[in-house]
Amino acid sequence: MANPGGGAVCNGKLHNHKKQSNGSQSGNCTKNGIVKEAQQNGKPHFYDKLIVESFEEAPLHVMVFTYMGYGIGTLFGYLRDFLRNWGIEKCNAAVERKEQKDFVPLYQDFENFYTRNLYMRIRDNWNRPICSAPGPLFDVMERVSDDYNWTFRFTGRVIKDVINMGSYNFLGLAAKYDESMRTIKDVLEVYGTGVASTRHEMGTLDKHKELEDLVAKFLNVEAAMVFGMGFATNSMNIPALVGKGCLILSDELNHTSLVLGARLSGATIRIFKHNNTQSLEKLLRDAVIYGQPRTRRAWKKILILVEGVYSMEGSIVHLPQIIALKKKYKAYLYIDEAHSIGAVGPTGRGVTEFFGLDPHEVDVLMGTFTKSFGASGGYIAGRKDLVDYLRVHSHSAVYASSMSPPIAEQIIRSLKLIMGLDGTTQGLQRVQQLAKNTRYFRQRLQEMGFIIYGNKNASVVPLLLYMPGKVAAFARHMLEKKIGVVVVGFPATPLAEARARFCVSAAHTREMLDTVLEALDEMGDLLQLKYSRHKKSARPELYDEMSFELED
């Protein structure tokens, strides 16, 4: 619902902070950026200002034209499919062989309708080949298509010094070789490139142990375990923690790796509305009261799955309230900090530090090294007994190859830099510069009149484009201006919420950001993208609960 008064939205409720300018009036205390929890009427009270987020509604005419665009595209898609079926137009998509016409179809024709008729028309805006390090500037290989984006050919030209606004290089640590990377070169000479074994067999190196100890120290927890792939850290470890007879409560906007891990576990899955603690509490209360379907037995475990920063919305998890609920209903909390570790918090230690909370309040801390650390892989951290259990039961530890030694050294180097163990303050300066760049970029976009989603402290900045035709035009025009952007649409987003997703980096200079902002201002006028009416609305407080169960 729209909020004409322009108040702040927290957890689906409208709050007026004018009377709370004094911390003592709101019953909270802040010191050095750390939020202290106070007691009010016998219940824990949390400082709400830090989790104010914007989800502004688009004007009605924009939504009408967006759906009209998809409708017209769908009609032309059916027309072109008709022409293909009659051989009038060549079909370049995968089709069944005539020899297998009596077989069960391998390619589901209707399921590929969207890809074949809508995505292909604007496919040139994705999978662009890069031929340099993903720093603040990178080089793009030019390509053209002679068959309407079904295939591409390279022209041999390289587009130099494109401003990189799409890579998750939050701290600017993904860069080409310099002398500070000497230790990585030394590790490569000693250990080679690969381990050629799993952690359970011959694949545990002293470098892995050093990295795990450093991760645990960085997060201020008892122990940690690292894995060679970030996606598999979620999808292969969640099934080791829960199974049949357990209940997973998952945020509706969780990453695919969390969704896959939940489905592979065999546990019952129920979805709560994004960052909506009322929706989550209703599910928790019903789970405790009614238990499992049919038998009404108590659930073996209840696991809450959330992310630290949501990569498509730019929103930050409402962690204090979720921790309060998990304590109240005796549930476990699993948090994916892929986009928040290294990028959020005064010293980059993620959302627990951002809210001033003890990391031990979270049962399972997960994160990846692919964003802030300029490497690959992921980690699970928490209590020692949890990590020891996963060392034995994790599918990723049993079957997957161990992390490459040079990659492990890159993460060690990055962690030491952020923690100041290298004897400098460069890591802290990068974290602070990222926060400064993020706030500046978001503020300027709002002033220009764009609709952007999320929290002002999130380095992922979604700018809403809505209409499918404008998605393609936006990305193409920005590349012409030597600015590389990522555009995202259905099915990664809701059908009518296509967007450009900017990733701010500590390596971006003010001049780079101003160049991008100037181009965006021009593009906003050209494509009429400045939809904002400066009215903030929360996602609805509580929809009808949506849940589903995975049957055996």
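The values are calculated or read from the model by the stated rules, or taken from the named source; none is laboratory data. What you see is a predicted model; the values in this text were computed from it and never measured. Heads up, the Cβs are rebuilt from the backbone with ideal geometry, glycines too, and the neighbour counts pull from every protein chain shown. Heavy atoms of the whole protein, side chains included, go into the accessibility calculation; ligands, DNA and RNA do not. Shrake-Rupley method; radii C 1.70, N 1.55, O 1.52, S 1.80 Å.
Data for the structure
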read-out: Relative contact order [Cα under 8 Å, 6+ residues apart], the chain, whole percent; value: 22 percent
read-out: In sequence order, calculated HN-Hα J values of region 299-310 (Karplus, 6.51, -1.76, 1.60; Hz; x Gly/Pro); value: 5, 5, 8, 10, 10, 9, 10, 9, 10, x, 10, 7
read-out: Residue among Met236, Met448, Ala324 farthest towards the positive dipole end of the chain, charges placed on Cβ; value: Ala324
read-out: Using distinct alpha-carbon pairs, which all enter the 1/r mean, Kirkwood radius of region 394-506 in Å; value: 17.0 Å
read-out: Region 50-77 versus region 281-333: alpha-carbon centroid distance in Å; value: 31 Å
read-out: Loop chymotrypsin sites (Phe, Trp or Tyr not before Pro), region 102-133, which have at most 16 other Cβ atoms in a 10 Å radius of their Cβ (DSSP); value: Phe103, Tyr107, Trp126
read-out: Rel. contact order, % - alpha carbon contacts under 8 angstrom, at least six apart, region 179-419; value: 30 percent
read-out: Relative contact order of region 434-509, pairs being alpha-carbon contacts under 8 Å that are 6 or more residues apart, as %; value: 35 percent
read-out: Modelled label reach - Val95, point 7 Å along Cα→Cβ, region 60-78 residues with backbone N closer than 18 Å; value: 77-78
read-out: Links that overshoot a 19 Å alpha carbon limit, given the list Lys301/Lys326; Lys470/Lys530; Lys244/Lys327; Lys217/Lys327; Lys244/Lys301; Lys244/Lys300; value: Lys244/Lys327; Lys217/Lys327
read-out: Modelled label reach - Val288, point 7 Å along Cα→Cβ, region 324-344 residues with backbone N closer than 16 Å; value: 324-333
read-out: Sulfur and carbon atoms: percent of accessible area, the chain [1.4 Å]; value: 55 percent
read-out: Local electrostatic count at Cys246 - Lys and Arg +1, Asp and Glu -1, tallied over other residues with Cβ under 10 Å; value: +3
read-out: Contour minus Cα-Cα distance for Leu527 and Lys327 (0.36 nm per residue); value: 67.1 nm
read-out: Karplus 3J(HN,Hα) series, Hz, for region 227-243 with 6.51 cos²θ - 1.76 cosθ + 1.60 (x for Gly, Pro); value: 10, x, 9, x, 4, 5, 4, 7, 5, 9, 9, 4, x, 7, 9, 9, x
read-out: Calculated FRET efficiency for the pair Glu142/Asn85, C-beta based, R₀ 30 Å, to 0.05; value: 0.25
read-out: Probe 1.4 Å, accessible area per residue of region 179-419, Å²; value: 37 Å²
read-out: Sparse-neighbourhood loop sites, trypsin sites (Lys or Arg not before Pro) in region 173-202 - DSSP loop, at most 16 other Cβ within 10 angstrom; value: Lys176
read-out: Karplus-derived 3J(HN,Hα), 6.51/-1.76/1.60, for each residue of region 397-410, Hz, glycine and proline x; value: 6, 7, 10, 8, 5, 5, 5, 4, x, x, 5, 4, 5, 4
